[in-house]
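The values are calculated or read from the model by the stated rules, or taken from the named source; none is laboratory data. Quick caveat: nothing in here was measured; it's all calculated off a predicted structure. Glycine gets a Cβ as well: all are built from the backbone with ideal geometry, and neighbour counts include every protein chain shown.
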Amino acid sequence: MSNLAAIVDRVEIEALRGEHVDAPLSGDYDRFAALFTDDAVWRIPFANVELVGRAEIRAGIERLQNAWEFWVQNTHTGMIRLDGDTATGREYVFELGRQGTGTSVVMYGVFHDRYRRTEDGWRFAERVLRPRYLDTTPLTGGPPRGSWSDV
């Protein structure tokens, strides 16, 4: 593989990881599910979440998103290790939100990934979220109200 091909693969995987954040935050659950292979596994062990296949992942992300009053996720580039039509990687994540039940979450964690090249491009074959820091202290802020909501 030429260096240019490896650079293209890395850029495509970074774009895939960016879509993983943007799709659920914008409510596009079909796009989110399409980021995974047909047989993919998406796990969040500390929250007892394990979803297998696109249909479960699609239903699961909508159910999870609807549980939040507000939720924001930011990711930070980790590593990508290419191996032909497969790759592994890590991505660091910060999440902040409050569920409709009032439970708050501030979490720093790591996504551990396996990627697979498909005819539609790179997709997640497996994505596992492992927290490094978790704080469930009630958040005092919330979504903007009044004139702030127009900002």
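Below is a table of values for the structure above.
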{"read-out": "When residues of the range 32-89 are limited to those that are modelled with pLDDT under 95 and in contact with a Pro (Cβ under 7 Å, 6 or more places away or on another chain), the one farthest from Asp135 (Cα to Cα)", "value": "Gln65"}
{"read-out": "Scope the range 18-72; condition basic (Lys, Arg) and under 30 Å from Arg145 (Cα atoms); matching residues", "value": "Arg31, Arg63"}
{"read-out": "Test for Ile57: is it in contact with a helix residue (DSSP H, G or I) (Cβ under 7 Å, 6 or more places away or on another chain), buried (at least 17 other Cβ atoms within 10 Å of the Cβ), hydrophobic (A, V, I, L, M, F, W, C) and under 19 Å from Met107 (Cβ atoms)", "value": "no"}
{"read-out": "Residue within the range 96-117 that is surrounded by fewer than 15 Cβ atoms within 10 Å (Cβ to Cβ), on the phi > 0 side of the Ramachandran plot and without any contact (Cβ under 8 Å) to a residue 60 or more places away in the chain present", "value": "yes"}
{"read-out": "Strands (runs of 3 or more DSSP E) wholly inside the range 64-151 that include at least 2 residues being among the hydroxyl-bearing types (Ser, Thr, Tyr)", "value": "68-83, 86-99, 104-118"}
{"read-out": "Residue in the range 32-51 that is surrounded by 14 or more Cβ atoms within 10 Å (Cβ to Cβ), part of a helix (DSSP H, G or I) and among the aromatic types (Phe, Trp, Tyr) present", "value": "yes"}
